[in-house]
Amino acid sequence: MNNKIKSLFLLDKEITYLNHGSFGACPKSIFDSLISFQTQLENQPVQFLDEDSKELMLNSRNSLAKFIDCDPDSLVFFQNPTTAINEIVRSLKLNKGDEILSTDHEYGAMDKTWNFICKKTGAKHIKSTIKLPVGNEQVFLDNFLSGVTKNTKIFFLSHMTSATGLYFPVEKICKFAREHNILIIIDGAHIPGHFPLSINTLQPDIYVGACHKWLLCPKGVSFLYVNKKHQDNIDPLIISWGYDSEDPSDYPEFQEHHYWQGTRDVSPFLTIPDAIKFRKDYNWDMVSNECKKNILKAREAIHNIVGGDPLVEDNVDKWLGQMCSFPINHDNFIDLKSLLINKYKIEIPVVKWKDRILMRISLNGYNSNNDVDKLLIVLRKLV
Ligand SMILES: Cc1ncc(COP(=O)(O)O)c(C=O)c1O
């Protein structure tokens, strides 16, 4: 049992928590940092919101920009990636017949957002099939690019997928987009704190990510990066005092448009420097690498029990991180999920993806070999 690390977290000790991927989990010390900011806010709301939080927000934004290697002025906070993508989608000037090319592995809320805008504008949401099992990068690339037509205006794809838990090598797709004047938007909800990220190297047009998953922030910390050349075309989702400001700051308009959104609690955003410090203090890169190795072992043991076709065939370590999805042969995935949590106290997602039922295991520092063993025992009983 990895009690030492588990005791750093607020997680219920009775639950075998194998679902870091959905909403993350926040260590006590980072949660304390949130409470400390909220306490400062409530001690003197005007002083905190009008004055003190400005410097703190800047510090947080700059720390994150350094961590994901991007221009700080191109980075703004959002509560979650879906909200950020909603802003983008509502800003785009799409015409009838324009095509958005994505994949059949995208997160449901993002699919719905694209469907919504396509219904309004007459644009088309095209999904390339990324064939399973994945393994060869060129095959992945060919699968994706097979959907390109002369009408393709936008690429939208996950850097790591939700239901299938796959790390997509998006570098060459970003390059293709640049060379063919296609706007590329990456959904990196699972990337910060899970994989090294350099936005300056990747050069997407737009990138969204969550910090409350693998960067261990409390809930409600996400970001939107927009390359400078597109910022004038992005309308803020919330129009507030920063729009046509009577008292403009020295910051670029993109920052001005996003900073002030009325009476909102900015405390979660302010925890980013503490979350980055936590990683250093506890050598979290090493912890994360250990979890990635353990995922490979768990994957093998799970497949020995459940059989089924694996989602990855070759170069397995390149396509997986601290999560792995596997098919489950079961009639009712909702019953199965309830059984796992209610009877066995195992928190693990079971979802329907296309015609398959997939279970996805996540491992983080607080998980132990016992947690995986417990799942294996239950799977032996159920499958
Ligand atoms: C691939 C992917 N994109 C985006 C999200 C963002 O989720 P939300 O905006 O609903 O918090 C998630 C959450 O799990 C995800 O897995």
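Using a cut-off of 13 Å between beta-carbons, work out the net charge of the residues near V287 (Lys and Arg +1, Asp and Glu -1, V287 not included). Combined, the nearby Lys, Arg, Asp and Glu give +3.
The residues neighbouring N227, those whose beta-carbon lies less than 9 Å from its own, together hold a net charge of 0 under the Lys/Arg +1, Asp/Glu -1 convention. With a 1.4 Å probe rolled over the protein heavy atoms of all chains, the accessible area of R380, R356 falls in the order R380, R356, largest first.
Write down the Kirkwood hydrodynamic radius of region 119-158, to one decimal in angstroms, obtained as one divided by the mean of 1/r over all alpha carbon pairs. About 11.6 Å, per the Kirkwood formula over Cα pairs. For the residue pairs K120/K153; K28/K318; K93/K228; K66/K127; K66/K229; K213/K280, alpha carbon separations beyond 23 Å are given by K28/K318; K66/K127. The Cα center of region 72-150 and the Cα center of region 346-383 differ in position by 29 Å. Neighbours of K381 by Cβ distance under 12 Å: Lys/Arg scored +1, Asp/Glu scored -1, total +3. Summed over the residues of region 1-156 and divided among them, the accessible surface reaches 48 Å² per residue at a probe radius of 1.4 Å.
Extension gain, D309 to S91: 0.36 nm times the residue separation minus the Cα-Cα distance gives 74.4 nm. Here the dipole of the chain is about 1520 debye; that uses its Cα centre as origin and unit charges on the Cβ of Lys and Arg (positive) and Asp and Glu (negative). Diagonalising the gyration tensor over the Cα atoms of the chain and scaling each eigenvalue by 5 before taking the square root yields semi-axes of 34, 29, 17 Å, largest first.
Here the extension length gained between K297 and S240 equals 15.5 nm, from 0.36 nm per residue of separation less the Cα-Cα distance. Round to a whole number: what % of the accessible area of region 204-317 belongs to carbon and sulfur, probe 1.4 Å? Roughly 47 percent of what the probe reaches on region 204-317 is carbon or sulfur. Here the calculated FRET efficiency for L10 and K229, from their Cβ-Cβ distance with R0 = 56 Å, stands at 0.85, rounded to the nearest 0.05. Going by the alpha-carbon gyration tensor, a ≥ b ≥ c the square roots of its eigenvalues, is region 54-110 rounded (a/c under 1.5) or, if a/c is not under 1.5, prolate (a/b greater than b/c) versus oblate? Since a/c reaches 1.5 and a/b is larger than b/c, the shape of region 54-110 is classed as prolate.
Please label the shape of region 311-383 as rounded, prolate or oblate, based on the square roots a ≥ b ≥ c of the eigenvalues of the alpha-carbon gyration tensor (a/c under 1.5 means rounded; beyond that, a/b larger than b/c means prolate, else oblate). The shape class here is oblate.
Ignoring any ligand, DNA or RNA, what whole percent of the accessible area of region 30-135 comes from carbon and sulfur when the probe is 1.4 angstrom? Whole-percent figure for carbon plus sulfur exposure: 50. Sorting the Cα pairs of region 44-192 by distance into bins of 10 Å, from 0 upward, gives 10, 35, 32, 15, 6, 1 percent per bin.
The helix-based estimate of mean residue ellipticity at 222 nm for the chain, built from -39,500 (n - 2.57) per DSSP H run of four or more residues and divided by its residue count, is -12000 deg cm²/dmol to the nearest 500. If you take the alpha carbon atoms of region 236-382 and fit the smallest convex hull around them, that volume is 200 Å³ per residue. Projecting the Cα positions of M160, A123, F144 onto the charge dipole of region 115-164 (unit charges on Cβ atoms of Lys, Arg, Asp and Glu, taken about the Cα centre) puts A123 furthest along the positive direction.
The order of the peptides 45-51, 209-215, 16-22, 325-331 by mean Cβ neighbours within 10 Å, most packed first, is 209-215, 16-22, 325-331, 45-51. 3J(HN,Hα) along region 312-325: 10, 10, 10, 6, 3, 5, 7, 9, 10, x, 9, 9, 8, 9 Hz, from the Karplus curve 6.51 cos²θ - 1.76 cosθ + 1.60 with θ = phi - 60°, whole Hz, x for Gly and Pro.
A Cα-only calculation for region 168-312 places Rg and Dmax at 19.4, 65 Å.
The values are calculated or read from the model by the stated rules, or taken from the named source; none is laboratory data. Everything numeric here is computed off the predicted structure, so don't read it as measured data. A quick note on method: Cβ atoms are made from the backbone with ideal geometry, for glycine too, and the neighbour counts reach across all protein chains shown. The area values use the complete protein model at the heavy-atom level, side chains included, leaving out ligands, DNA and RNA. Shrake-Rupley method; radii C 1.70, N 1.55, O 1.52, S 1.80 Å.
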